[in-house]
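Here's the structure, in structure tokens; my notes come after.
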């Protein structure tokens, strides 16, 4: 008897019909004799609709109250899914994040799971119930409701899988796995049968929206294999796990892209110690998350400092940076919001030379100008004009023969 | 400094604009220096919409899961109302039924309040917070969410007022008080400035939908005066309380009516001991609530037994009654779903003869045939054809000069 955590995304439970379909899938697993815990997201656009409602009242909703508001979406879907299982004659019970014992810190809107008290879940499993848990939410020590950040039902699922020592965490959504590239951009992209945690984390951080990056980190930490598959078909999906096979050596595993890039350059900065801190400490204090940072080689002790932010944070970043630039004696501040990034990811790239050179050559052949470059041990990212991003993805997918596996 | 519990109904918080209006009213009370606890219903038709959603999944939703589902409506409105107060610069916090300490038995869908642990509310009041409580809900000892029955945010408000020893429970909705009759039927109906608990209970039970009957019983038990007023204007409203003034002697206070009446007659029943039990015990077991019961004088040990139920229960009642009728040797079972009831209520009627006679004469003059009669010490109810109900209300309002007060 295996203990299985399943998680269904918002599109999988967007309508009553789809909820019944999900109930069917759960029932099939239960019929095999396994213990089943299901984490469910809010139906379709519910969370967005609730946020819109709040915005009609105030432009600055209190985070605690936003969490009370948006956490109701998952309560609704958990109750409905439980009813659908009852209708089919299966024993099931819905639990809120609080009832499921998901304890978090009190950082409302983006709380972190501190621990999971599995007592109530264990009790229900002993009664042979299918346990349906409202995703995305937990409670503080004071029993105030918190949410774990956008897309964070993934985190609920992995945290429960870890606490319950589940055999697998199966994550169902409207995409049936992790692809070598977005199939909407690269028609011959191939679904991977497996991928390593680190590779997946790089992909998720650099534009693949299928999994929440924090959920992947958590899964890696607790060695929870995650099966990413579709709730709309029976395709085998992709297994995210720790022990990736030897076949993947010297290979690019997947090409990711992200259109949400803006670049800010502080031009003509006097190059002296403390300059980077002078620029980036105020940005951090303003809650602006800086991604790639590049500093040009200094000529006559004058340099340019370039960094990227998400597009929606560009204006805020400029407001912070302009007075700082003046203060440190920089010439001026330039910005460009029409950028994107394209990344190649693969653990086989580690300690293998030539990937970067081939990437740059490929982009050059296609006439794609590289604005910035950033790398990790298993990833190379180029920031390019947004209009060139999709061409770049297609060219790289072909050049590295990613579809061949 | 007074401690005031306010309750706002669903129509008062149906839109973002109305929520802001309610926030304004709360702020005015808070500005007077009073401690304010607010109980809020779900926005507009939210509860009905959630029930419809459940009905798309199953025709027999599990009561526990229905409570998880429908209790979300009040969480949403409580968070939004709190945000509206924040937007105006007022300190406020939303609490769920669980957080507000409302403990109930485990009769899902119609749970009864067992006790109220006011610790968290007291703590928030000490911090000078306006406390916004999600109405209609509580939790069992096992921390499962329960709801208190339709319209039961009134019960939440009175229970909190009782537990906190509030000075007054002010209940705001889209009607601005208790009238001598429904103003849509009797245009010159007058708003009462006050009414006794018992009178109000009779009115609520016999068709006046303004207050939930169980909330009135609870208010009487704990001596909580309830001010019923509108959230859309500043009219003074009606005070429901225990010490009604002497002026109301010999007076009918209000005329109520209810269209939701169906009559079932078991015809030709052999009149022997145990017959009533044989009929009514199975009905009670089937969860059918029987209202008025009349047994005709028996002729040759044969009698007719008539009772009323709500219209939606008539078919279920007939299913139960038909085999029973056969078994006890009754001739047949007749039914009529097109009935209504009209009631006159007034504590001044107690020990004062002549009210019943005048009521029957008035109806007779108007050509209204009386099907059944039931009375309490302070109420006389006649069941009549549904088409005659409104004429009857108008005639009685005039005959008893109710509008004169």
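The numbers here are math on the coordinates, done by the rules we state, and not lab data. Worth saying up front: this structure is predicted, and the values here are computed from it rather than measured. Quick reminder, even Gly has a Cβ in these numbers, built from the backbone with ideal geometry, and neighbours come from all protein chains shown.
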Residue with peak Gaussian network fluctuation, chain B [Cα springs, cutoff 10 Å], from B:341, B:366, B:319: B:319
Other-copy label distances relative to residue A:387, 7 angstrom Cα-Cβ extension, nm: 7.7
Overall form of the protein assembly as shown per C-alpha gyration tensor (a/c, 1.5; a/b vs b/c): prolate
Number of partner chain Cβ atoms within 10 Å, mean per residue of A:66-78: 5
Rg [Å, one decimal], Dmax [Å, integer] - chain A, C-alpha atoms: 23.1, 78
Relative contact order [Cα under 8 Å, 6+ residues apart], the stretch A:43-171, whole percent: 24
The stretch B:1-160 - convex hull of the alpha-carbon atoms, volume per residue in Å³: 92
The stretch B:119-144 and the stretch B:150-178: distance between their alpha carbon centers, rounded to Å: 15
Cα convex hull of the stretch A:212-356, projected area averaged across orientations, nm²: 12.6
Overall form of the stretch A:193-234 per C-alpha gyration tensor (a/c, 1.5; a/b vs b/c): oblate
Tilt relative to chain B, helix B:389-399 - C-alpha long axis, 0 to 90 degrees, to 10: 80
Length-normalised contact order for chain A - Cα pairs under 8 Å, 6+ apart - percent: 14
Sorted by Cβ density within 10 Å, fewest first, the residues B:352, B:72, A:47, B:82: B:352, A:47, B:72, B:82
Distance (nanometres) between label positions extended 7 Å along Cα→Cβ at residue A:45 and residue B:28: 3.7
Label point 7 Å beyond Cα along the C-beta direction, distances from residue A:315 to other copies (nm, shortest first): 5.8
Closest Cβ on chain A to the rotation axis that carries it onto B (distance rounded to whole Å): A:72, 2
Principal-axis tilt of helix B:46-57 within chain B, Cα atoms, nearest 10 degrees: 70
Average other protein chain Cβ within 10 Å of Cβ, residues A:13-22: 2
Distance from the stretch B:38-57 to the stretch B:317-372 (C-alpha centre basis), Å: 35
Among A:365, A:124, A:202, residue whose mean-square fluctuation peaks in a GNM of chain A (springs only between Cα atoms under 10 Å): A:365
Pairwise label distance in nanometres, residue A:327 with residue A:115, each label 7 Å out on the Cα-Cβ vector: 4.3
Exam field: residue A:327 pseudo-label spacings to other copies (7 Å along Cα-Cβ), nanometres: 8.8
Fully extended contour minus Cα-Cα distance, from residue B:122 to residue B:87, at 0.36 nm per residue: 10.2 nm
Rounded tilt (10° steps) of B:275-285 against the dominant C-alpha axis of chain B: 30
Label-point separation in nm, residue B:52 to residue A:222, each point 7 Å along Cα→Cβ: 3.9
Helical contribution to [θ] at 222 nm, DSSP H n ≥ 4, -39,500 (n - 2.57), averaged over the protein assembly as shown, rounded to 500: -10500 deg cm²/dmol
Most mobile of A:42, A:152, A:14 in a GNM of chain A (Cα contacts under 10 Å): A:14
Kirkwood Rh in Å, taken over all unlike Cα pairs in the stretch A:288-375: 15.6
Relative contact order for the stretch A:216-291, counting Cα pairs under 8 Å that sit 6 or more residues apart, in percent: 16
